[in-house]
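Here is the structure we will look at.
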Protein chains: 2
Amino acid sequence: MDNWDEVRTAFQVAKMGTVSGAADVLGVHHATVIRHIDALENRLGVKLFQRHPRGYTATEAGEDLCRVAQATDEQFSQLAGRVKGQGDKVSGELVVTSLNSLAPLMSPTLAAFQERYPDITVRYLTGERLFRLEYGEAHVALRVGSAPEQPDNVVQELTQQKVAMYASRDYVDQHGKPQGPEDYPKHRFVAHDQENSRAPFFKWLAANVPREKVTFRATDNRAMELAILADAGIGFLPQNSASKNDALVQLAPPLDDWSIPMWLVTHVDLHRTVKVQAFLKFVKEQAKGWALA
Amino acid sequence: MDNWDEVRTAFQVAKMGTVSGAADVLGVHHATVIRHIDALENRLGVKLFQRHPRGYTATEAGEDLCRVAQATDEQFSQLAGRVKGQGDKVSGELVVTSLNSLAPLMSPTLAAFQERYPDITVRYLTGERLFRLEYGEAHVALRVGSAPEQPDNVVQELTQQKVAMYASRDYVDQHGKPQGPEDYPKHRFVAHDQENSRAPFFKWLAANVPREKVTFRATDNRAMELAILADAGIGFLPQNSASKNDALVQLAPPLDDWSIPMWLVTHVDLHRTVKVQAFLKFVKEQAKGWALA
DNA sequence: CATGATACGTGGATTTACGCACAGATAATT
DNA sequence: AATTATCTGTGCGTAAATCCACGTATCATG
């Protein structure tokens with residue numbers, strides 16, 4: 001049973017009782033309606049209508065088809081209503097993904113967003129692997145670092161995450177604060193395991209600190225933070241989270257070169273939807289508070 | 001939500017995951033599939049799929065559509081199965097119509113037909129008005145008299161109903177049997193109220209019997225039969241039913257000129273169906289017994 | 001790293017399907 | 001009884017949908 005349009009045509013004829021009336025409703029010529037009926041009957045091998053000069057009347061098969069098509073028509077109408085309205089209201093699921101290191105920032109934001117739009121169910125997917133927008137795994141992704149340049153993705157800069165140099169209070173008590181670049185060789189540093197990291201402050205580190213003084217390397221940001229807290233050495237941490245921790249001492253103010261840009265990424269097909277737009281606006285508003293924190 | 005074919009296309013894309021795959025299944029070019037999706041999305045104002053170089057993945061709206069279309073597809077498949085098979089088996093309703101004067105012949109035949117095909121539900125519509133085949137009021141009509149010549153109707157001659165001249169036994173006792181045409185003016189006759197009746201034996205009557213000797217006229221065949229039984233005069237009755245009645249005496253053998261042809265009439269759209277064919281064949285078989293009765 | 005396979009996307013040629021107009025027929029109306 | 005209105009059915013020309021071919025991008029594989 002291919003060619004669903006012919007079923008629709010037959011349905012309208014059964015409802016109207018005449019080919020001409022159905023043609024008017026469908027907005028096509030009555031010859032087209034006749035052709036559809038003929039084609040459908042030939043394919044099914046059954047007469048659907050009895051033809052007489054005053055119109056068409058459905059046979060048993062035609063009435064059967066009419067019932068099925070009636071249900072289909074209602075189903076499709078409901079579907080159209082759902083789908084059309086869907087884009088206009090903020091409800092359903094909102095799937096957000098990011099690296100799990102951003103959870104401290106995102107979790108409160110998402111909670112507030114859900115409170116603002118109670119019809120929303122938030123799903124926050126975090127992981128080391130990047131959830132891919134183009135396969136529909138998420139509506140919005142929060143990315144850090146260099147600007148993503150995937151095609152079909154809409155990228156907006158969210159805010160600059162300011163990064164500063166920190167060490168634990170105990171470390172400072174033992175080794176003192178470096179007063180300038182000349183002091184760096186006397187200290188130990190914590191950095192990412194990947195030496196040629198793309199992060200700007202690690203590039204700075206490679207340029208300004210001897211390799212052998214980087215005595216602790218880890219692949220995970222959280223592990224690096226814990227290492228710093230465990231007096232492993234001096235490292236770079238986002239200012240907004242580190243400033244809340246009394247066990248940490250800021251050794252140098254954040255430099256612009258060290259800042260990590262943050263990006264809001266959406267798939268182009270979803271970017272224009274009201275739901276996603278509402279979330280993007282909300283996140284940008286919240287991000288103003290992040291810098292102050 | 002017009003254009004059901006586009007829904008079908010979108011459904012196939014959602015199932016396959018790729019435009020090309022859907023195009024193969026649908027037997028169309030993949031460009032056509034893309035155009036259908038685009039048109040549907042534009043009409044709904046919602047993106048149904050997220051496009052990426054490895055295929056299409058459905059958005060929430062797309063998945064919603066997919067579910068509805070899935071149900072539709074199943075409904076249509078079942079419908080096609082029902083409708084296609086419907087023509088091949090003798091079941092459901094069989095609607096037969098005739099003038100109610102033929103009920104004595106038809107009722108036993110219909111009962112036997114129902115016994116032969118237990119899946120059949122017989123509906124026997126009788127009345128003075130002609131139920132019209134072209135509006136689907138009945139599958140088969142049994143007509144008597146001159147050959148029906150309606151277009152779109154398939155007419156088959158069933159049998160000749162032999163008509164003979166009868167009177168009641170009491171009438172014969174009182175007035176005797178007419179031995180030939182010369183005796184007719186001495187007798188009373190029963191005939192149809194419509195003087196210029198189309199029935200051949202009434203034409204014969206008008207030609208061979210003085211008008212004033214037709215002393216009882218009725219519009220209903222059954223009333224005429226009752227009048228004859230009530231000694232009203234001589235009249236024409238079908239041989240098969242009158243011969244069973246001991247109160248009637250046959251005054252003249254049936255002439256070929258008097259025979260009323262009987263016709264089986266079906267609408268051309270239904271004539272070829274197995275159900276109707278089975279019934280037509282069955283009636284013809286039964287009709288062989290009618291002459292003998 | 002290069003290559004083959006797969007899939008999407010688009011402009012131009014082609015076929016299919018549609019609209020148009022007229023004929024045939026019936027039912028309602030005057 | 002004649003007429004008008006309505007509906008079906010069909011041949012023909014045109015417009016729209018389709019097919020085709022090419023280009024581009026991505027992923028898998030040796």
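With N set to the residue count of segment B:81-186, report its C-alpha Rg divided by 2.2 N^0.38 Å to two decimal places. List each step's numbers first, then the result.
Working: Rg = 20.3 Å, N = 106, 2.2 N^0.38 = 12.9 Å.
Compared with the compact-globule rule of thumb, segment B:81-186 sits at 1.57.
Debye calculation, C-alpha points only, no solvent: report log10 I(q)/I(0) for the protein assembly as shown at q = 0.05, 0.06, 0.11 Å⁻¹, in the same order as the q values.
-0.49, -0.59, -1.03
Which of the peptides A:173-181, A:69-77, B:203-211 is most tightly packed, and how do the rest follow, going by the mean number of other Cβ atoms within 10 Å of each residue?
Working: A:173-181: 12.1, A:69-77: 16.7, B:203-211: 13.9.
By packing density, highest mean first, the sequence is A:69-77, B:203-211, A:173-181.
Rounded to the nearest 0.05, what FRET efficiency do B:Val155 and A:Thr18 give with R0 = 41 Å and r taken as the Cβ-Cβ distance? Could you check? Write out the running numbers ahead of the final one.
On the way: r = 26 Å, r/R0 = 0.65.
FRET efficiency, B:Val155 to A:Thr18: 0.95.
Would you tell me the mean number of C-beta atoms belonging to other protein chains that fall within 10 Å of each C-beta in A:60-73, as a whole number? All intermediate terms of the calculation are to be shown ahead of the outcome.
Numbers: counts 10, 8, 2, 1, 5, 5, 0, 2, 8, 5, 0, 3, 9, 2.
Neighbouring Cβ atoms belonging to other protein chains average 4 per residue here.
What share of the DSSP beta bridges in segment B:51-176 is antiparallel, in percent to the nearest 5?
Details: 2 of 12 bridges.
Counting DSSP beta bridges with both partners in segment B:51-176, the antiparallel share is about 15 percent.
Kirkwood Rh over alpha-carbon pairs of segment B:17-148, then Stokes-Einstein at 37 °C and 0.692 mPa s: what D in µm² s⁻¹, rounded to an integer? Provide the component values of the computation, followed by the final result.
Values: Rh = 19.8 Å.
Estimated via Stokes-Einstein, D reaches 166 µm²/s.
Holding the Cα-Cα limit at 31 Å, pick out from A:Lys284/B:Lys47; A:Lys89/B:Lys15; B:Lys162/B:Lys186; A:Lys15/B:Lys284 the pairs that are longer than that.
Working: A:Lys284/B:Lys47 25 Å; A:Lys89/B:Lys15 27 Å; B:Lys162/B:Lys186 25 Å; A:Lys15/B:Lys284 37 Å.
Those over the limit are A:Lys15/B:Lys284.
Quick one: which residues, 5 or more positions from B:Gly92 or on another chain, have an amide H under 5 Å from its amide H? H modelled 1.01 Å from N in the peptide plane, none for Pro or chain starts.
Excluding prolines and chain starts, which carry no amide H, the hits are B:Thr121.
Please give the average number of partner chain Cβ atoms lying within 10 Å of the Cβ of each residue in A:44-51, rounded to a whole number. Could you put the intermediate results ahead of the total?
Values: counts 6, 5, 10, 8, 2, 2, 10, 5.
The per-residue average across the peptide is 6.
Can you pull out the trypsin sites (Lys or Arg not before Pro) in segment A:148-198 whose DSSP state is coil and whose Cβ has at most 11 other Cβ atoms within 10 Å?
Values: sites: A:Lys162, A:Arg169, A:Lys186, A:Arg188, A:Arg198; in loops: A:Lys162, A:Arg188, A:Arg198.
Loop-located and lightly packed - A:Arg198.
Any chance you could get the radius of gyration and Dmax over the Cα atoms of chain A, in Å?
31.8, 105
Evaluate peptide A:263-273: per residue, the Cβ atoms of other protein chains within 10 Å of its Cβ; return the mean as an integer. Each step should come with its number before you reach the end.
Working: counts 0, 0, 0, 0, 6, 3, 11, 4, 1, 3, 5.
Per residue, the number of nearby Cβ atoms from other chains is 3 on average.
FYI, it's all coordinate maths here, none of it is from the lab. Because the structure is a prediction, the values reported are computed rather than measured. Glycine also receives a Cβ, built like all others from the backbone with ideal geometry; neighbour counts cover every protein chain displayed.
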